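Presented below is the structure to which this report refers.
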Amino acid sequence: MDEWDIASADRSLQVGARHHTVPAFYLRRFANPNEQLWVRDRRSPKAGLRKTADLAIKDFYTFINVDGEPDGRLEQFLARVEGSAASALRRATSSVTWGSPMPAQDHADIAVFMAFQYVRGPRRRRELEAMSDLYTRLVELNEPVHGSRREVATHRARLREFRELEFAAHPNTHLSMLSPLAQKLYPYFAERPLSVVALTAGALMTCDEPIAAFHEDGNPAPVLAPARQRVRTRRRRGARKARRATLFHVQKAGHHGLAVADQIAMPVGRRTLVVLGDPGASLPSHVRLSPDESMKAAEELNRRLIEQTYFCAFSHPEDQHLLAQPLPALGPLFHLGGTRPEDGLIAANPLSHPRPQLFGRN
């Protein structure tokens, strides 16, 4: 990706604009010539045709800068990431360059794009909100150590009150973490061999969480049982007291993460996908599957993408059958071990409102 002087960029550019959490260039790879997609949105009762330009959220990447002003430079930066990836994918999937080794820079640009795409959507923001709620409850609602009767009574009153409250981080929290998180995830994409796979039958859909990690056993790791650790407290009346603190285990709901995945896949067109193999494996740069292999691969990837869709799933208008059924219900974002029910009120329960906080909305 080209160098960019972010300090001198126009801060007001893209403020008030509609931002694509799934890039427009990527959605167009699944659209018809009129830039229309068949969309299944869990917030709407029926699927229908939508234009790629309409599948955006106003000010999703607008943040409040240190001067207290709305700032649109993150959206500008993401546009540069998308532009580099769009060019790399065009070359990787072109019939002219099919079969040729992928340049290292194209591999890197696709890896950067996948790293940002993994962390930039509404689901990740809602996860951070749920985690902030859990953290607040764990820190603020712990029973006072050696507290007086009045302190304990006050604590219990707060517990009853907090059952009806939720704490959500400001959107800046999510936006400030995009680059650091993507930087940490980048090696999991860049260090794996990349193969462009073409299907000769079937069709692929995509969604607002288009990166699927596959593991051999197919099951998520179990949540650890509650554990307790001996810790020291402050001196009280000349003697050092000791108590045991509970250790909590918070695990993201879903399948295995990127680090331990056997393969990572992302559809990049109706009949084209990118596959990242095991870091120690050797993959051909391009593969064309037989019709039987294509149908099996499409069925497996489509099933996984349906499972991990947060708000919207997309397909080409001629592939409406892929989204014939309503999306499965959203479950909890996290599995918790060792917490009390009131601590994990938001994090460990199905979401009552999956929409995360947006700029300018209370």
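Structure summary
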quantity	calculated
Top-ranked residue in the range 105-118 [being open to solvent by 10 Å² or more (accessible area, probe 1.4 Å) and hydrophobic (A, V, I, L, M, F, W, C); ranked as farthest from the chain's Cα centre (by Cα)]	A108
Every pair of residues 6+ apart whose Cβ atoms lie under 8 Å, when the first sits in the range 182-199 and is part of a loop (DSSP other than H, G, I, E, B) while the second is open to solvent by 50 Å² or more (accessible area, probe 1.4 Å) and modelled with pLDDT of 95 or more	L199/R271
Top-ranked residue in the range 36-49 [being open to solvent by less than 70 Å² (accessible area, probe 1.4 Å) and charged (D, E, K, R); ranked as nearest to S352 (Cα to Cα)]	R42
Candidates G280, G360, G338 - the one that is open to solvent by 40 Å² or more (accessible area, probe 1.4 Å) and on the phi > 0 side of the Ramachandran plot	G360
Some residue of the range 288-304 being touching a strand residue (DSSP E or B) at 6+ places or on another chain (Cβ under 9 Å), outside any helix (DSSP H, G or I) and farther than 21 Å from A201 by Cβ	no
Among residues of the range 11-46, those that are modelled with pLDDT under 95 and of a type outside the set (D, E, K, R), counted	8
Output for the range 310-358, where each listed residue is more than 18 Å from P210 (Cα to Cα) and acidic (D, E)	E318, E342, D343
Verdict on S290 being closer than 22 Å to P193 by Cα, crowded, with 16+ Cβ neighbours inside 10 Å, at pLDDT 95 or above and not aromatic (F, W, Y)	no
Spans of helices (runs of 4 or more DSSP H) in the range 69-144 with at least 2 residues among the hydroxyl-bearing types (S, T, Y) and within 30 Å of S285 (Cα to Cα)	73-93
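The values are calculated or read from the model by the stated rules, or taken from the named source; none is laboratory data. All values derive from a computational prediction rather than experimental measurement. Backbone-built Cβ (ideal geometry, glycine too); neighbour counts: all protein chains shown. Just the protein is used for accessible areas: all its heavy atoms, side chains included, with ligands, DNA and RNA removed. Shrake-Rupley method; radii C 1.70, N 1.55, O 1.52, S 1.80 Å.
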